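The structure appears below as structure tokens.
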Amino acid sequence: MLCAGHDFAAPPHRDTRAWSVVAAVVGTGLRYEGFEPCGCGREPKYRPRTRAELRARRMFAARNTVPLDDALARPDV
């Protein structure tokens with residue numbers, strides 16, 4: 001079992017599509033955290049929620065030679 005982060009909201013148990021997206025995000029080493037390193041603020045970071053968003057970011061990473069974890073963290077692709 002992995003800690004996905006303080007801001008992780010689990011999808012419904014039977015939603016295998018959503019869980020596959022969560023597995024891809026966590027598999028790249030990203031977490032669902034919004035805490036600032038200094039502890040002075042809190043701003044949740046973007047993470048893809050659907051397979052379409054995941055697919056778009058994977059294609060972006062492949063086309064632009066960007067690391068996948070950076071592409072998954074970008075809200076605009």
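The values are calculated or read from the model by the stated rules, or taken from the named source; none is laboratory data. Here the structure is a predicted model, which means the values were calculated and not measured. Backbone-built Cβ (ideal geometry, glycine too); neighbour counts: all protein chains shown.
Within region 57-69, restricting attention to residues that are among the charged types (D, E, K, R) and at pLDDT 95 or above, which residue is surrounded by the most Cβ atoms within 10 Å (Cβ to Cβ)? Working first, answer last.
Initially, region 57-69 is screened for residues among the charged types (D, E, K, R), giving 57-58, 63, 69.
If we keep only those that are at pLDDT 95 or above as well, we get 57-58, 63.
On the way: Arg57: 23, Arg58: 16, Arg63: 9.
My answer is Arg57.
Of the helices (runs of 4 or more DSSP H) lying entirely inside the chain, those containing at least 3 residues that are under 10 Å from the mean Cα position of the chain (by Cα) span 16-27, 68-72.
Out of the residues in region 34-56 meeting the condition of being of a type in the set (D, E, K, R) and closer than 19 Å to Ala18 by Cβ, tell me which one is modelled with the lowest pLDDT. Filtering first and then ranking leaves Lys45.
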